[in-house]
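For reference, the structure is listed below as structure tokens.
The values are calculated or read from the model by the stated rules, or taken from the named source; none is laboratory data. Small disclaimer: the values here were computed from a predicted structure and weren't measured. Here the Cβ is made from the backbone with ideal geometry for all residues, glycine too, and neighbour counts use every protein chain on show. Ligands, DNA and RNA are stripped out before the accessible areas are found, and what is left, the full protein with its side chains, is counted by its heavy atoms. Shrake-Rupley method; radii C 1.70, N 1.55, O 1.52, S 1.80 Å.
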Amino acid sequence: MSQRKLLLREVSDPRVLAAMDAVPRHRFVPMQHEGEAYGDYPLPIGYGQTISQPYIVGLMTELLELKGDEKVLEIGTGSGYQTAILSLLAREVYSVERIPQLAEKARERLSELGYGNVRIRLGDGYEGWPEHSPYNAIIVTCAAEEMPRPLVDQLADDGRLVAPVGESGWSQNLVVLHRRGTEISRREVAGVVFVPLVRGTAKGKLGGKDETR
């Protein structure tokens, strides 16, 4: 997805645009879809999951307002594409995926491409990754009917949480939470459609471990 196309769709942060130009999106989609990798639409990645359209990836990333020294939590590793974008914009990225096969493929792909400041965990995204909290930014790439309270609790002061909220298959809203001390503001940005946030983990193992670097 070129910077020009994203600029035309109101993603304008130069750091986000540069990161999206730098990450080879075709490496994060199944081989049969490589020819479509740079179209502005989602693509299937298997196991009932998708890689989000570039515009949505750019928009959600921009809403985090990353400066470069943040610790970021991502819920829903998927193919690892959003993870790679975040790794170029933040100090460290912690990502939680519930499907073992996707977590393993993402780990291998990110390692092969040299994204070394990422850690992936097989687990329940609803619960986040409390051991490494608080996080300066949290991004959720699947929709919950209500904002998960454990994720809100893991947000650092002056941190932002970006997530789709709403019923699966119905109208969802892209929501931004901003914590200022004990106060949390909320704003709705746009209507979106995401796969649902499913509790628990799918069957299988991640290389015999629940965490990899």
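Overview of results
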| read-out | value |
| --- | --- |
| Filtered residue count, segment 67-96, keeping only those that are open to solvent by 10 Å² or more (accessible area, probe 1.4 Å), closer than 20 Å to Ala144 by Cβ and without any contact (Cβ under 8 Å) to a residue 60 or more places away in the chain | 2 |
| Single unsatisfied condition, Asp21 versus (1) closer than 25 Å to Asn117 by Cα; (2) part of a strand (DSSP E or B) | (2) |
| Hits in segment 97-141 (condition: surrounded by 18 or more Cβ atoms within 10 Å (Cβ to Cβ) and part of a helix (DSSP H, G or I)) | Pro100, Leu102, Ala103, Glu104, Lys105, Ala106, Arg107, Leu110, Gly125, Tyr126 |
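Residue by residue, here is whether (1) touching an Asp or Glu at 6+ places or on another chain (Cβ under 7 Å); (2) of a type in the set (A, V, I, L, M) holds:
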{"position": "Leu73", "(1), (2)": "no, yes"}
{"position": "Thr77", "(1), (2)": "yes, no"}
{"position": "Gln82", "(1), (2)": "yes, no"}
{"position": "Ser87", "(1), (2)": "no, no"}
{"position": "Glu92", "(1), (2)": "no, no"}
{"position": "Glu97", "(1), (2)": "no, no"}
{"position": "Tyr115", "(1), (2)": "no, no"}
